[in-house]
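Worksheet: one structure, shown below.
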Amino acid sequence: MNKILENCVCLLFVAVACGTGTVLADDDHSRRLFIDRDVDTFAVLPDGVRFPEGITANPANGDIYVGTFDGGNQNKVLRYNRHGRLVASLDLGIAPLLGLEFDRANKKVYFTSVGDFVGAASKIQRVAADLTGLQDVAIIPPIGAPTPRTAGNPDGSSDTITFGSGARVPNAMVFDSKGNLYISDSFQGAIFKITNPHGCTPSCTPDTFSHDPLLATAGFPPFGANGLAFNKDESALFIANTGDDRVLKLELVSGTRKVTVFAESINGADGLVFDKQGRLWVAANQADEVVALNEHGKIVAKLGEFRGIRRNGTPDGLLFPASLVIVGDEVFVTNLARPLTDDAIGDEPEEDVKRWTISRMKVQDH
């Protein structure tokens, strides 16, 4: 009887934990994996506006900015207030947009425009916080793919991976504490740097900061260097490689700018952001979740999940989470929800999405 009672108590504990959406996977606070699958919808994009990708925020008032990755159609930057109300929208033509980053010092919103996908120039642009005063900042230079990469095998043999893409695909951006801007290029396998971008009038030429084979990919989705984030003391720049399911670390203190693997097997590693505890949050766009890494690259927390398509055509939870930004104790995530297979044959839930969303989740202080 006592054994039965024990089992019932254990089952009740599990049921309560699952009912709240939060699970502590270990009683030891130092080793436990924190899991919270609850996801709120912060905003639904206007009817006909598709594929939200980049996201950033104005920390002074909590405004959220979102860009769309909808090549060949009208792309936009959307501005939402802290409560999810759309307060402004800027039309930017058919070139799809990827990363967004807010310049706190000068109150500007920077974004990457992938003109190469539509027969134009790939470039960095910016607007004021109220989405007025569009300016070109820089044209991304064509530097080609990096050198081949040699990958070792367990039997002692090795494979050589050659990268062939020459398209310019500026993706994520991040500012350092001096106001310099760093940009990832997903197809050229590169990190570019613009020194003092605020002074780029009318335009600057980016410097090639790193052009390493680890920044390219032969994997899927076919995007190499992607999300960017500096650690607190800016001794390293962390870089997501989406196609390789990795987070990379670019050392900045040694002067060598060496690129190494920081974390493996994060399915579709995309946007990156550090929280105030020093955890690195990663949007895992093919796992439909957001994970946090500790200083050793170990997963210590997981947020969100995909629960299906609602009757109104919006995702329930996360679906292809692409980019993220933390405001206070909340993380805001774009649900790109873009099908990746060639034909709409019913093999991807993204095919059933009719309206696109931005999600919001609590970042727990654990």
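The values are calculated or read from the model by the stated rules, or taken from the named source; none is laboratory data. Because the structure is predicted, anything quoted here is derived from the model rather than measured. In this analysis, Cβ positions are derived from the backbone assuming ideal geometry, glycine residues included, and neighbour counts consider all displayed protein chains. Heads up: the accessible areas ignore ligands, DNA and RNA and are worked out on the full protein's heavy atoms, side chains in. Shrake-Rupley method; radii C 1.70, N 1.55, O 1.52, S 1.80 Å.
A few points about this structure:
- Max mean-square fluctuation residue, GNM over the chain, Cα-Cα springs under 10 Å, options ASP70, ASP91, ASP40: ASP91
- Full-extension gain in nm, ASP40 to LYS258, via 0.36 nm per residue minus C-alpha separation: 74.6 nm
- Area projected by the alpha carbon convex hull of the range 251-359, averaged over all directions, nm²: 8.6
- Percent of Cα pairs in the range 169-216 per distance bin of 5 Å, from zero to the largest separation: 5, 23, 28, 24, 13, 5, 1.
- The mean sequence separation of alpha-carbon pairs under 8 Å and at least six residues apart, normalised by the residue count of the range 210-366, gives a relative contact order of 14 percent.
- Net charge of Cβ neighbours under 12 Å - reference ASN226; Lys, Arg +1; Asp, Glu -1: -4
- For the range 18-165, taking Cα atoms only, Rg and Dmax work out to 20.8, 59 Å respectively.
- Computed in the context of the full set of protein chains, the accessible area of the chain at 1.4 Å probe radius has 50% of its extent on carbon or sulfur.
- Full extension of the chain between ASP155 and ILE326 yields a length gain of 57.2 nm, computed as 0.36 nm times the residue separation minus the alpha carbon distance.
- Label zone (ALA88, point 7 Å along Cα-to-C-beta; backbone nitrogen cut-off 12 Å) within the range 96-121: 107-110.
- All lysines inside 23 Å of LYS193 as judged from Cα atoms, apart from same-chain residues fewer than 8 positions distant: LYS107, LYS108, LYS123, LYS178, LYS232, LYS249, LYS258
- Distance cut-off 28 Å, percentage of C-alpha pairs in the range 182-337 lying past it: 22
- Binned Cα-Cα distances of the chain, short to long, each 10 Å bin given as a whole percent: 5, 25, 34, 24, 9, 3, 1, 0
- Cα-based reach from LYS276 at 16 Å (exclusive), listing aspartates and glutamates while leaving out same-chain residues under 8 positions away: ASP233, GLU234, GLU295, ASP329, GLU330, ASP365
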